[in-house]
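Encoded as structure tokens, the structure appears first; notes follow it.
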Amino acid sequence: FFLVMPMMLGGFGNWLVPLMLTMPDMSFARMNNLSFWFLTVSLLLLLSSTYVDGGAGTGWTLYVPLSSGMYHSGLSVDYVVFSLHVGGVSSILASINFIVTLVLMRPKVLGMLQSQMFGWCVIVTGFLLIVAMPV
């Protein structure tokens, strides 16, 4: 939950996208910062859930038989689920920032078809995150 999408896309994206577009920063710097702090709060909530009610004994998948109220009725499962929601908000904010930066802030001489492959991958991944994360 915290390595592939937020760290790889957010970390490499925040480093490489401004370099590709020869910009000093992303288009929405405050949204970028807010996304980072939401991710940090989400990670801290996930880690703190292990100290509440003996931890969430649901495994890493959070499937229903183990995470239902019948088997594990403590607050730790609620902390984990809320942590995943905050992480989802962080991913949505970062995706909006990437899409706006890559589509609207690119150099005018560089058309969309002449963009780098990494830029296209970030746009498609951001679109998929925006569509799939609220579900």
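Would you call Leu113 part of a helix (DSSP H, G or I) and loosely packed, with under 13 Cβ neighbours inside 10 Å?
Yes, satisfied.
Take Met5 and tell me if it is modelled with pLDDT under 90 and touching a Lys or Arg at 6+ places or on another chain (Cβ under 9 Å).
It is false that Met5 is modelled with pLDDT under 90 and touching a Lys or Arg at 6+ places or on another chain (Cβ under 9 Å).
Just the residues that are farther than 14 Å from Ser35 by Cβ and in contact (Cβ under 8 Å) with a residue 40 or more places away in the chain, please, taken from the range 1-17. Step through it out loud before you land on a result.
Here is the first cut: in the range 1-17, the residues farther than 14 Å from Ser35 by Cβ are 1, 3-4, 8, 12, 15-16.
Answer for the range 1-17, where residues must be farther than 14 Å from Ser35 by Cβ and in contact (Cβ under 8 Å) with a residue 40 or more places away in the chain: Phe1, Leu16.
Every residue in the range 7-31 that is closer than 30 Å to Leu62 by Cβ and either in contact with a Gly (Cβ under 7 Å, 6 or more places away or on another chain) or polar (S, T, N, Q) (or both), please.
Asn14
Can you tell me which of Ser68, Ser35 is at pLDDT 85 or above and either small (Gly, Ala, Ser) or in contact with a strand residue (DSSP E or B) (Cβ under 7 Å, 6 or more places away or on another chain) (or both)?
Exactly one residue qualifies, and that residue is Ser35.
Of everything in the range 25-43, what is part of a helix (DSSP H, G or I) and either farther than 17 Å from Met7 by Cα or not aliphatic (A, V, I, L, M) (or both)? Give them in sequence order.
Ala29, Arg30, Asn32, Asn33, Ser35, Phe36, Trp37, Phe38, Thr40, Ser42
Have a look at Ser49, Ser73, Ser42, Ser83 and point out the one that is farther than 16 Å from Val122 by Cβ, modelled with pLDDT of 80 or more and over 17 Å from the mean Cα position of the chain (by Cα). Even if it seems obvious, please write down each step before you answer.
Details: Ser73 fails: modelled with pLDDT of 80 or more; Ser42 fails: over 17 Å from the mean Cα position of the chain (by Cα); Ser83 fails: over 17 Å from the mean Cα position of the chain (by Cα).
Checking each option against the conditions leaves just Ser49.
Considering only residues of the range 18-55 that are of a type in the set (Gly, Ala, Ser) and within 30 Å of Gln114 (Cα to Cα), which is surrounded by the fewest Cβ atoms within 10 Å (Cβ to Cβ)?
That would be Ala29.
The values are calculated or read from the model by the stated rules, or taken from the named source; none is laboratory data. Just so it is clear, the structure is predicted and the values come from calculations on it, not from any experiment. Neighbour counts are summed over all protein chains in view; Cβ atoms, including those assigned to glycine, are modelled from backbone coordinates with ideal geometry.
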